[in-house]
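Readers should treat all values here as calculations from the given coordinates under stated rules, not as data from a laboratory. Computed from a prediction, not measured in an experiment: that's the story for all the values here. Neighbour counts are summed over all protein chains in view; Cβ atoms, including those assigned to glycine, are modelled from backbone coordinates with ideal geometry.
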Amino acid sequence: MSESVAVPLQVRIKSLLQNDQIDEARALIEIGLAEDASRAWLLRDLARLLIAEESFDAAADALSQAAALEPPGSETEILLAGIALSLDRTIDLTFWSRRAKLCACLRPDLPWTNLVVTELAEAALSGDCDERHAVAYRRAAAHLIAAWCAAYRQPLPDTGLRGAVTAKAHAAANRSNPLVLRASSLISDILGRRLVAGWFGGSSGTRMRDHEAVVRIGGRDLMFGIPNLNIRFDCRYFFAFEPGLLFRISTFEPEERFLDIGANIGRYTVLAAGLRGVRVDAIEPFVRNAEELIRNVSRNGLEGLVTLHQVAVSDQTGSGCVAYGDEPAGSTDQSIADRPGIDPRPGAEFHEAIEVWRIDEMVAAGRIPFPNRIKIDVDGVEHKVLDGMTGILSDPRLKSIRIEIRLEDPLNQAALKRTLEYGFVARVGDDPKNLDLTRPDGRSDQ
């Protein structure tokens, strides 16, 4: 068959597939292969149909034939690596790791993002296909990404918390490389889902809509707005972020009170209230974050469980200022002065006066009830927050603290040491800067 005929045939098959005319597309593919079995693109299209039918062995055979017709480093070889590794039959993992590395060296221009994420992962991981296909696709995607990581000399993570954190660390270290970022985030997200399923039970996953993400945990759907691309990325890989905090939330009891210091747009506020039924006091000084938090609470009908406090917290009570520019919702780049008369960011477009409180005094004044659980994420001033809640720290009703703390700062080191003197035990929550502080009799196993 001449090349002039092959082009329109390919267009016709693509059109049929796009219109879900599967039988007609298969018939054309089989006709084309009967006339000329040496066209790799026909074999790839056939493999995609077989994958959709869960005929993975037949798909692997078709891809093997296509790979034999193409030079080393083709897209077909990478797709075959992922599918083959997902099968139950014995596969030489070392061989396919070598092939993936060779492909990366020979063809660094391969469209990895589309191949890895779009063709196999997006439908399954976003919940847009039925569970029967999702399980098969997810397994194939996980192995395909493993081969991809081998190609870029990234260590393959295990299936536990360490693996999720390892993959997330790769993503953070390679933010300038969108290929490594997407693949590492996807691995971390997959492993995070496995952990969450063990802690909450039920199914878990994320479905992305135009302006909203639907996150399923423990069989319950929770909605989060997507006002910008940064939040879209965070929602897309929802389970890649802070799995240790998700574990801690799984231990909350409905009668407890959760204090979320540095609540941002309310991700963990909504999870605690929506999944565990606890009452939450959310502290967030940045107006754009606070507004998005209120919208997320409303989306999930949690107004009766969540109270927002748009204040700053420190080691003294008084007044201060928040300075910011064009930072969108979800940002942590705003600057805060916790004392009057100080400009935290000279030249900033916006300066807003704000109340500053010690947590102990918020409780004493009745602004918030006594918290049984606390999360602290304040980007650098952890020592001031801890020094402003010594009364609460000494009270055994406080069961746990989840804190993101930068221990390279001597002030934070000293504050943590003082906190541990109140009887807390510190463990790494998921990565070294995230600590889980619990009483000796509190649940802290992961």
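Pop a pseudo-label 7 angstrom from the Cα along the beta-carbon direction at both residue 233 and residue 418 and give the gap in nm to one decimal.
3.7
Provide the net charge surrounding residue 334, with neighbours chosen by a C-beta distance below 10 Å and charges set as Lys +1, Arg +1, Asp -1, Glu -1.
On the way: positive: 288, 345; negative: 327, 333, 352, 379.
Counting the neighbours of residue 334, the net charge comes to -2.
For 248, 39, which order do you get if you count the other beta carbons within 10 Å of each Cβ and list the fewest first?
Values: 248 26, 39 20.
Going from least to most buried by this count: 39, 248.
State, to one decimal in nm, how far the label point of residue 350 lies from the label point of residue 209, with both points 7 Å from Cα in the Cβ direction.
Taking the simple label geometry, residue 350 and residue 209 are separated by 2.6 nm.
Highest mean first, what order results for 362-372, 292-302 on Cβ atoms within 10 Å? Don't jump to the answer; show the numbers that get you there.
Working: 362-372: 16.0, 292-302: 19.1.
Final packing ranking: 292-302, 362-372.
If we count other beta carbons within 10 Å of each Cβ, what is the order of 237, 324, 422, fewest first?
Details: 237 24, 324 21, 422 15.
By the 10 Å Cβ count, ascending, the order reads 422, 324, 237.
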